[in-house]
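The values are calculated or read from the model by the stated rules, or taken from the named source; none is laboratory data. Keep in mind the model is a prediction, meaning the values are calculated, not measured. We place every Cβ from the backbone using ideal geometry, glycine too, and count neighbours over all the protein chains shown.
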Amino acid sequence: MRFEITLNESGRIDQVRIENEQSQPLVSGIIRRVARLLGAGTFALPSGTAPGVRFRMELRLELTLGAASGNQGAEPGDLVEMGFEAPEQGRPGQAYVREAAGHLMRRILRLLPLLGDEERSDAGPRAG
C-alpha cells in the first residue's frame, strides 16, 4: 500500500495521505500506526530529512511464525526483539518486532518518486 508523509517547518510529521485508503481499512490503520511511530522517533525517516519535505512510500507487511522464545518467563505476546533501518533512495527501510511466541512482523518501507499534485488528486482524502 502506498502513502505520503509531509513534514512541517519544524521537521515534524504534518500530514499523512494514504492512497485508496477506504479500500483497505486494516492496512490503512497499520500505516497510521507506523506514521505515529515515525513521528514519535521510534523509527527514523531518511537521513538528512529537512523541514517541509514530502515523502511518498510503499508499505509491505510480512508476517511469519518462527520458533518460540526460550525465555521461560515470557508471555506469548511479550516483545523479545525490535529493530529498524531507515529507508534510503535505492534501499527500503524496515522495522520489525518479534514476540515471545515466535510471531515476527516486518514492515518494509520503500521510498517512491513523488507524484505531481494533479496525479494524486484522486488518491483519497487528506488525513493527519
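In the range 62-74, the residues that are within 30 Å of P92 (Cα to Cα) reach residues that are part of a loop (DSSP other than H, G, I, E, B) with C-beta atoms within less than 6 angstrom, at least six apart or across chains, in these pairs: L65/G102; G66/G102; A67/G102; A68/A101; A68/G102; S69/A100. For first residues located in the range 1-18 and farther than 20 Å from R60 by Cβ, partners that are among the charged types (D, E, K, R) and not in a strand (DSSP E or B) and lie 6+ apart or on another chain with Cβ distances below 7 Å form the pairs Q15/R126.
For beta carbons closer than 9 Å, sequence separation of 6+ or different chains, a first residue in the range 81-106 that is touching a residue at least 60 places away in the same chain (Cβ under 8 Å) and a second that is part of a loop (DSSP other than H, G, I, E, B), the qualifying pairs are A95/T42; A95/F43. Out of all the residues in the range 55-75, which are surrounded by 10 or more Cβ atoms within 10 Å (Cβ to Cβ) and either closer than 30 Å to L114 by Cβ or touching a Ser or Thr at 6+ places or on another chain (Cβ under 9 Å) (or both)? If the condition is that a residue be surrounded by 10 or more Cβ atoms within 10 Å (Cβ to Cβ) and either closer than 30 Å to L114 by Cβ or touching a Ser or Thr at 6+ places or on another chain (Cβ under 9 Å) (or both), then F55, R56, M57, E58, L59, R60, L61, E62 are the ones that fit.
What residue, among those in the range 105-128 that are loosely packed, with under 15 Cβ neighbours inside 10 Å, of a type outside the set (D, E) and over 16 Å from V16 (Cβ atoms), is modelled with the highest pLDDT? Only one residue fits best here, namely M105. Note on the range 75-91: among residues that are within 18 Å of V34 (Cβ to Cβ) and either in contact with a Leu (Cβ under 6 Å, 6 or more places away or on another chain) or of a type in the set (A, V, I, L, M) (or both), the one that is modelled with the lowest pLDDT is P87.
Among the residues of the range 2-45, those that are buried (at least 16 other Cβ atoms within 10 Å of the Cβ), modelled with pLDDT under 80 and part of a loop (DSSP other than H, G, I, E, B) comprise F43, L45.
Taking residues in the range 21-35 that are under 13 Å from R2 (Cα atoms), and partners anywhere that are modelled with pLDDT under 80 and loosely packed, with under 11 Cβ neighbours inside 10 Å, the pairs with Cβ atoms closer than 8 Å and at least 6 places apart or on different chains are E21/P125.
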